[in-house]
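This report refers to the structure that appears directly beneath it.
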Amino acid sequence: MWRGSGAAALFFGQFLRAPATVGAFAPSSRRLARSVCAPVPERGEPTVVELGPGTGSFTAEIQRRLDGRGNHLAVELNGPMADALADRFPSVDVVHGDAAHLTRLLAERGLGRADVVVSGLPWAAFPADLQLLLLSAVCAAMCPAGAFTTFSYVHAIPLGSARRFRALLAERFEEVVPSRTVWRNAPPAFVFHARRPRP
């Protein structure tokens, strides 16, 4: 099982290969993971979907919060990261696939809609059509009272793509609340907590 420097080396290597899809040069910190995963309920049998889990910073926190309950589906487009994640977290259903097919991936497993969707995808790196495609897939896969969380790096705030994504969040969800800045992350980031996808 790999952790620490091994995970960081894999993450950085995949970032160099495909910076537009990996989106960062280092895994997220534990503090950011706790903030992003806060909506995962600590009781009941929820269905939690994780998009772009990378090397598992959010995966570990989701598993801690679930503590063996519910369903945890992790969808990773990067093959080496998906393989490594499956090895590290054998109890997580890791799929090497595309988040755009989220509704089908849930149906194939006999799961209903997701109660929580946690995203590690680099939204600010995506063009407008991909942002719309992926967020539409997320909303279609969520239950009416579902929660969606993702994050953005502070340095990306001025980018047009980041502003466009924030506007899209407000359009697709009834409530969007940004967190305080998580300074103990490289680079610093903040979290979007969105609830109740609009029809």
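The values are calculated or read from the model by the stated rules, or taken from the named source; none is laboratory data. Note that the structure is predicted; figures quoted are calculated from it, not measured. So basically every Cβ, Gly included, is an ideal-geometry build from the backbone, and we count neighbours across all protein chains shown. Protein only, heavy atoms only, side chains kept; ligands, DNA and RNA dropped before computing areas. Shrake-Rupley method; radii C 1.70, N 1.55, O 1.52, S 1.80 Å.
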Just the residues that are open to solvent by 50 Å² or more (accessible area, probe 1.4 Å) and over 17 Å from C143 (Cα atoms), please, taken from region 76-107. L77, P80, D83, D87, P90, S91, D93, H96, D98
Expected single match for open to solvent by less than 50 Å² (accessible area, probe 1.4 Å), touching a His at 6+ places or on another chain (Cβ under 9 Å), among the small types (G, A, S) and within 20 Å of L77 (Cβ to Cβ) among A124, A114, A137 is A137
Among the numbered criteria (1) in a helix (DSSP H, G or I); (2) within 14 Å of the chain's Cα centre (by Cα); (3) of a type outside the set (D, E), which single criterion is violated by P80? (2)
Hits in region 143-190 - residues which are of a type in the set (A, V, I, L, M, F, W, C), open to solvent by less than 30 Å² (accessible area, probe 1.4 Å), touching a residue at least 60 places away in the same chain (Cβ under 8 Å) and farther than 21 Å from T47 by Cα: V182, A189
Give all pairs with beta carbons closer than 6 Å in which a residue from region 56-75 that is open to solvent by 40 Å² or more (accessible area, probe 1.4 Å) meets a residue that is part of a strand (DSSP E or B); count only pairs at least 6 apart in sequence or on separate chains. N71/T47
Any idea which of A162, A107 is over 18 Å from P53 (Cα atoms), in contact with a Phe, Trp or Tyr (Cβ under 8 Å, 6 or more places away or on another chain) and in a helix (DSSP H, G or I)? A162
Return the only residue of M1, M81 being over 29 Å from V154 (Cβ atoms), of a type outside the set (G, A, S) and at pLDDT below 95. M1
Taking the condition of being modelled with pLDDT under 95, farther than 18 Å from L121 by Cβ and assigned to a strand (DSSP E or B), how many residues in region 165-199 meet it? 0
Check T59, T103 and return the single one that is of a type in the set (S, T, N, Q) and more than 17 Å from C37 (Cβ to Cβ). T103
